[in-house]
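This report concerns only the one structure given below.
Rule-based calculations on the coordinates, nothing more; no lab input. Since this is a predicted model, take the numbers as computed values, not measurements. Cβ sites come from the backbone with ideal geometry, for glycine too, and all protein chains shown count toward neighbours.
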Amino acid sequence: MNYSIIKRLTLQPKTLFLIDGLGALVTAFFLFVILRTYNVYFGMPPNTLTYLSLIAIVFCLYSITCYFFLKDNWRPFLRTISIANLLYCCLTMGLVTYYYSRLTTLGVTYFLAEIIVVFALVFIEMKTLAALGQKTRGR
């Protein structure tokens with residue numbers, strides 16, 4: 001992992017909320033529009049895709065709201081979305097396992113790729129929080 005990204009984000013940590021919010025919006029679009037429309041190529045039940053997209057929309061609204069309205073004391077909010085993203089990864093992995101026999105290769109690939117991307121974001125968020133914690137204690 002390139003730690004210069006972490007260093008940059010410690011200077012502008014609210015940027016993580018924007019990245020998170022836009023990523024959640026893209027996820028919601030893919031789940032609700034693309035995967036539901038072309039469900040035969042992915043295999044995840046449409047109702048499940050709807051619920052996952054609703055979760056992504058909630059995450060998007062949370063992160064975008066934090067980006068625009070938090071002035072300070074944003075660390076607990078970043079920790080909250082990091083944990084929520086981690087739980088989303090666990091939920092998605094559970095659904096992939098549960099519906100594995102119904103999923104196509106493309107469906108499994110999509111969901112595993114999504115888990116990897118979201119987990120990478122969680123990693124960056126947690127590393128940024130840790131770096132900022134050290135920075136604060138070092139004062």
Selection from segment 13-63 of residues that are part of a helix (DSSP H, G or I) and of a type in the set (D, E, K, R): Asp20, Arg36
Count - residues of segment 60-74 that are surrounded by 13 or more Cβ atoms within 10 Å (Cβ to Cβ) and without any contact (Cβ under 8 Å) to a residue 60 or more places away in the chain: 9
Residue list for segment 14-36, filter: surrounded by fewer than 19 Cβ atoms within 10 Å (Cβ to Cβ) and within 17 Å of Cys66 (Cβ to Cβ): Lys14, Thr15, Leu18, Ile19, Leu22, Leu25
In segment 64-87, the residues that are polar (S, T, N, Q) and assigned to a helix (DSSP H, G or I): Thr65, Thr80, Ser82, Asn85
